[in-house]
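*Asks:* The structure's right below; bear with me while I get my questions together.
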Amino acid sequence: MSHNQPLLWTGPRRVGTLSYSSAGTARRVAGHRAASVRQQKRVNGVTFMPDQPSQDVELLRVAYAAFNARDIDAALATMAPDVIWPKAFKGGFACGHEEVRAYWTEQWSEIDPHVEPISFRPEGAGRTLVEVQQVVRDRAGAVVADGRVGHRFTVESGLIRSMEVCPFPQSDQSA
């Protein structure tokens, strides 16, 4: 099994639990996590763990994949029941699974957003800043927005607690 093989999320209702495809993969991930503490490096005040996916990063990757696949149940399974989610398309916030579900359902009926994570930057205290390439199309398929933005996540107890949309810091893009 290659070092870079993605981890799998199993069971849409095993909320907050990452499961691995085999016992060997679980041991590999546990070993990499221990090694990552030794291999951390700091660049411009940001701590990086090269080639060492943390559980938070894997959780976020699963959330992005589910969002892009329009699998609301799988995406919500990565979130706390009382998640706070920005309504970037409409303004304000959605609080809780049902409000997020309603917001996304409405959003996807009007636009077709796709967000691809470019980088993950741990900020400490359960916060991770994600640089994403965001492409938004109208229902006819025409691109209405295409650019990079930041998503700042707070993860608590293995679940996404909140997300905010923010500009990605220009000074960090070259780091």
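*Asks:* Quote the Stokes-Einstein diffusion coefficient, in whole µm² s⁻¹, for the range 52-107, based on the Kirkwood radius over alpha carbon pairs, a temperature of 25 °C and a viscosity of 0.890 mPa s. Present the calculation step by step, with values, prior to reporting the outcome.
*Replies:* Details: Rh = 11.6 Å.
Using the Kirkwood radius from Cα pairs, D works out to 211 µm²/s.
*Asks:* Could you order peptides 124-132, 73-81, 142-150, 106-114 by the average number of other Cβ atoms within 10 Å of their residues, highest first?
*Replies:* Details: 124-132: 16.2, 73-81: 19.8, 142-150: 12.2, 106-114: 13.9.
Result, highest mean Cβ count within 10 Å first: 73-81, 124-132, 106-114, 142-150.
*Asks:* A further question on this structure: Which residues' amide hydrogens lie under 5 Å from the amide hydrogen of residue 119, considering only partners 5 or more residues apart or on another chain, with H built in the peptide plane?
*Replies:* Under 5 Å from the amide H of residue 119: 131.
*Asks:* Where does the charge balance sit around residue 63 when Lys and Arg score +1, Asp and Glu -1, over other residues with C-beta under 11 Å from its C-beta?
*Replies:* -2
*Asks:* Using r as the Cβ-Cβ distance of residue 135 and residue 95, and R0 as 22 Å, what FRET efficiency do you calculate, to the nearest 0.05?
*Replies:* Approximately 0.20, to the nearest 0.05.
*Asks:* Still on this structure, please answer the following. Only loop residues by DSSP count here, and only those with at most 14 other Cβ atoms within 10 Å; note down the trypsin sites (Lys or Arg not before Pro) in the range 63-116 that meet that.
*Replies:* Values: sites: 70, 87, 90, 101; in loops: 70, 87, 90.
Answer in residue order: 70, 90.
*Asks:* How much net charge surrounds residue 84 when only the other residues with a Cβ under 14 Å from the Cβ of residue 84 are counted, with Lys and Arg +1 and Asp and Glu -1? Spell out each step's value before the answer.
*Replies:* Numbers: positive: 87, 127, 152, 161; negative: 82, 98, 99, 156, 164.
Neighbour charge sum, excluding residue 84 itself: -1.
*Asks:* If you project the alpha carbons of the range 101-175 onto their three principal axes, what span does each projection cover, largest first, in Å?
*Replies:* 41, 31, 14
Values quoted throughout were computed directly from the atomic coordinates according to the rules given, and no laboratory measurement underlies them. Everything numeric here is computed off the predicted structure, so don't read it as measured data. All Cβ positions, glycine included, derive from the backbone under ideal geometry; neighbour counts span all protein chains shown.
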